[in-house]
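To keep things clear, I will list the structure first and then write my remarks on it.
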2 protein chains.
Amino acid sequence: MDIKSAVTQLSSIAQEARLEIFRLLVQAGIEGLPAGSIGEKLDIPPSTLSFHLKELSQAGLIHSRQVSRFIYYTANYAAMNGLLAYLTENCCAGVTECCPDVTSCNPEKGNE
Amino acid sequence: MDIKSAVTQLSSIAQEARLEIFRLLVQAGIEGLPAGSIGEKLDIPPSTLSFHLKELSQAGLIHSRQVSRFIYYTANYAAMNGLLAYLTENCCAGVTECCPDVTSCNPEKGNE
DNA sequence: GCATTATTTCCATATTTATGGAAATATAGA
DNA sequence: TCTATATTTCCATAAATATGGAAATAATGC
């Protein structure tokens with residue numbers, strides 16, 4: 001991962017509403033949640049929510065899929081793992097041996 | 001850690017110049033670097049650098065100490081660990097057992 | 001005290017980001 | 001096709017963040 005991607009991904013969760021959205025989607029698991037449910041649970045108006053979902057999507061931290069009239073959003077666990085790995089490396093540069101790998105974070109036993 | 005602190009810390013590194021500064025300080029180890037050296041290495045003018053150092057300081061991700069006329073800045077490894085731990089928890093909420101602890105990142109064998 | 005060096009603060013400006021109403025788009029069922 | 005529902009896009013506005021020159025502050029040695 002290059003520094004620009006890291007900054008983009010960090011920026012996407014460096015905002016309270018978006019970090020809450022991401023956390024909610026992580027909790028929701030691989031099935032995810034439709035936009036409307038997210039907005040309802042977090043009390044965010046549609047256009048504002050859409051803006052934040054776009055930010056997270058463009059950063060690659062969430063995915064979406066259409067199910068009937070609903071658009072389901074899901075956390076991209078692999079992307080979050082990549083970001084954590086990048087930060088861990090940068091946090092520990094030069095002292096790599098002291099840091100655990102952060103590569104096993106996902107909602108099931110396998111990986112998506 | 002609460003969500004607001006997490007957002008503050010994330011914001012402080014969600015910017016290219018600041019992430020570079022932090023990375024440089026991590027590499028510099030516990031002795032750190034004086035502001036002037038940071039600005040020189042990263043080619044950032046004094047006032048801009050001072051602004052970014054303040055952001056990182058206020059978020060708690062770096063510390064400073066005066067040594068003669070120089071102000072040495074150091075990475076706060078413990079704070080970074082705390083942030084990584086928060087993200088790991090939030091990334092894995094509900095599936096805690098799949099995530100490694102990220103609590104052992106520091107420049108020496110011990111912890112600061 | 002004065003000159004030198006290191007860093008910060010002040011300030012104006014530019015840029016980016018966030019907010020949410022209203023309208024547009026898309027999907028599905030009757 | 002008409003209607004209802006879900007979501008996005010458009011738009012204006014507000015707020016926060018980033019930049020860097022110039023001046024101010026702080027520390028040191030002579």
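Any read-out appearing in this document is the output of simple, stated calculations on the displayed coordinates, not a laboratory observation. Remember, it's a predicted structure, so these values are computed and weren't measured experimentally. Here the Cβ positions follow ideal geometry from the backbone for every residue, glycine too, while neighbour counts run over all protein chains shown.
Taking label points 7 Å from Cα along the Cα-to-Cβ direction, A:Ala17 and A:Ser47 give a separation of 1.1 nm. Dipole of segment B:3-88 computed with +1 at Lys/Arg Cβ and -1 at Asp/Glu Cβ about the Cα centre; of B:Ile44, B:Ala17, B:Gln66, farthest Cα towards the positive end is B:Gln66. Here the spin labels are modelled as points 7 Å beyond Cα on the Cα-Cβ line, and at A:Arg69 and B:His63 they lie 5.8 nm apart.
Taking GluC sites (Glu not before Pro) across segment B:1-33, none is in a DSSP loop with at most 10 further Cβ atoms lying within 10 angstrom of its Cβ. Database remark: amide H of B:Asn76 closer than 5 angstrom to the amide H of B:Ile62, B:His63 (H placed geometrically; neighbours at sequence offset of 5 or more, or on other chains; Pro and chain starts carry no H). Rounded to the nearest Hz, the phi-derived 3J(HN,Hα) couplings of segment A:44-50 under the Karplus curve 6.51 cos²θ - 1.76 cosθ + 1.60 (θ = phi - 60°) are 10, x, x, 5, 5, 4, 4, where x marks glycine and proline.
Shape of segment A:6-45 from the C-alpha gyration tensor: oblate (a/c of 1.5 or more and a/b not above b/c, with a ≥ b ≥ c the square roots of its eigenvalues). For segment A:3-93, the square roots a ≥ b ≥ c of the C-alpha gyration tensor eigenvalues yield an a/c of 1.5 or more together with a/b exceeding b/c, which makes the shape prolate.
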